[in-house]
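Below is one structure, written out as structure tokens; comments come after it.
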Amino acid sequence: MALRTRLTSLLGIEHPIIQGGMAWTATAELVAAVSNAGGIGVIGAGHMPTDNLRVQIRNAKLLTDKPFGVNLMLLTPHIDEIVQLVLDEHVPMVTTGAGSPGKYMSALMEAGIKVIPIVPSVALAKRMEAMGADAVIGEGMEAGGHIGDLTTMVLTPQLVDAVEIPVIAAGGIADGRGMAAAFALGAVGVQVGTRFMCAEECTIHPDIKAAVLKAKDRDTVVTGRSTGHPVRVLKNKLAREIMELDRENKAEEIEALGAGKLALAMRDGDTAMGSLMAGQVASMVCRIEPAADIVAEMMRDAEAVMRRLGSTPAA
Ligand code: TUI
């Protein structure tokens, strides 16, 4: 059964699932697999050099004829060049993270690119709507990587009340139950990151997939609060060292210690000193499986939950 929403019609996709555009993690293989499965895959540009991103975009085009996206990480120093590449390559959609995409909004929109900023607050969502964003992704602090302060449970309904454009829920969603919950809060789709780290097509180091599979409910922590850029990661030696520096408010030392550590994890498989960005749902990820199975299972289970809630009173 297909679940048509304002998100599926906006993007011309079958299922209202956006794969989170995780840096050093969401490369062309995973992105194409999610798009081919009827969701939408999103390349994580992160700090990727422009030439590498061009290769990723072109590989995605070779591997799928369905829409896909690129996540623009707005803290990256060469973001102007990245935006120009996305324009030149006519990427169908972008999500943005870690800042306001205001400066780039009109150029992206004029090129016919769908723009879906990730927002941690109602204020930013309203600004994005006023600038012409096609939708917003509200990301709760259950998410992995760079996060805001609000939970998905409280952010999502407040965004739905505050803006007219479609709202997609993110953070803490890894299965059909979470997806049905997002719909209950008024979202028209979900963004899923952590669960796709353990997709077969995800090219991260196998030791990092193993760390996600091993994670228990309280195994993530938020590091780097003193820097103004809090980041949720799986606990490891690096996380403990950063937390110690956090207590001493040594923001500059944290920035220096953190540099290059996401690649050290995802590419090189260093589970001790790499930055193991992952969401609180890491503990709910139990197997490595094809991305298409993740999408199909989430859709099947979300629909089953919604049918059950629709037909039976709460016991
Ligand atoms: O962007 C993410 N998650 C990320 S980005 C990333 S790379 C990184 N590495 C080290 C430090 C910082 C980033 C890893 N994970 N998610 C989307 C997201 N965006 N979450 C929160 C925000 C956000 C925060 C503040 C968006 C806008 C914002 O606005 C500030 C402003 O300008 O008003």
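The values are calculated or read from the model by the stated rules, or taken from the named source; none is laboratory data. In this text the structure is predicted, and so the values were computed from the model without any measurement. A quick note on method: Cβ atoms are made from the backbone with ideal geometry, for glycine too, and the neighbour counts reach across all protein chains shown.
Pairing each residue of region 40-63 that is farther than 21 Å from LYS114 by Cα and modelled with pLDDT of 95 or more with any residue that is outside any helix (DSSP H, G or I) and of a type in the set (Val, Ile, Thr), provided the two are 6+ apart or on different chains, yields C-beta distances under 7 Å for HIS47/THR76. Of all the listed residues (MET266, MET284), the sole one being crowded, with 23+ Cβ neighbours inside 10 Å and within 19 Å of GLY193 (Cα to Cα) is MET266.
Yes/no matrix, rows are residues, columns are (1) more than 11 Å from the ligand (Cβ to nearest atom); (2) closer than 20 Å to GLY279 by Cβ; (3) buried (at least 24 other Cβ atoms within 10 Å of the Cβ):
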site: ALA32; (1), (2), (3): yes, no, no
site: GLY44; (1), (2), (3): no, yes, yes
site: PRO67; (1), (2), (3): yes, no, no
site: GLY112; (1), (2), (3): yes, no, no
site: PRO117; (1), (2), (3): no, yes, yes
site: ARG127; (1), (2), (3): no, no, no
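Taking into account only those residues within region 129-140 that are more than 9 Å from the ligand (Cβ to nearest atom) and crowded, with 19+ Cβ neighbours inside 10 Å, which is nearest to ARG232 (Cα to Cα)? Before the answer, list the steps.
Pass one, region 129-140, residues more than 9 Å from the ligand (Cβ to nearest atom): 129-136, 138, 140.
From what's left, crowded, with 19+ Cβ neighbours inside 10 Å: 129, 133-136, 138, 140.
Values: GLU129: 27, ALA133: 27, ASP134: 27, ALA135: 25, VAL136: 21, GLY138: 16, GLY140: 11 Å.
This residue is GLY140.
Sort out for me the helices (runs of 4 or more DSSP H) sitting completely within region 181-285 that have 2 or more residues that are more than 16 Å from the ligand (Cβ to nearest atom). So that I can check it myself, show each step before the final result.
Details: elements: 194-197, 206-214, 237-247, 251-258, 261-266.
Helices (runs of 4 or more DSSP H) meeting the threshold: 206-214, 237-247.
Of the residues making up region 18-40, those that are part of a strand (DSSP E or B) and either touching an Asp or Glu at 6+ places or on another chain (Cβ under 8 Å) or not polar (S, T, N, Q) (or both) are ILE18, ALA23, ILE40. Screening the candidates GLU248, GLU289, GLU201 for the property of being more than 19 Å from HIS146 (Cβ to Cβ) and touching a strand residue (DSSP E or B) at 6+ places or on another chain (Cβ under 8 Å) yields one hit, GLU289.
Kindly provide the set of residues from region 46-55 that are within 16 Å of the ligand (Cβ to nearest atom) and assigned to a helix (DSSP H, G or I), ordered by number. Steps first, please.
Narrowing region 46-55 to residues within 16 Å of the ligand (Cβ to nearest atom): 46-49, 52-53.
Result: ASN52, LEU53.
Considering region 151-164, the residues that are in a loop (DSSP other than H, G, I, E, B) and surrounded by fewer than 20 Cβ atoms within 10 Å (Cβ to Cβ) include one that is nearest to the ligand (Cβ to nearest atom), namely THR151. Taken together, the residues in region 88-103 that are away from the ligand (no atom under 13 Å from the Cβ), free of Cβ contacts under 8 Å to residues at least 40 places away in the same chain and surrounded by 15 or more Cβ atoms within 10 Å (Cβ to Cβ) amount to 2.
Out of curiosity, is MET306 closer than 30 Å to LYS66 by Cβ, at pLDDT 95 or above, more than 20 Å from the chain's Cα centre (by Cα) and buried (at least 16 other Cβ atoms within 10 Å of the Cβ)? Yes, satisfied.
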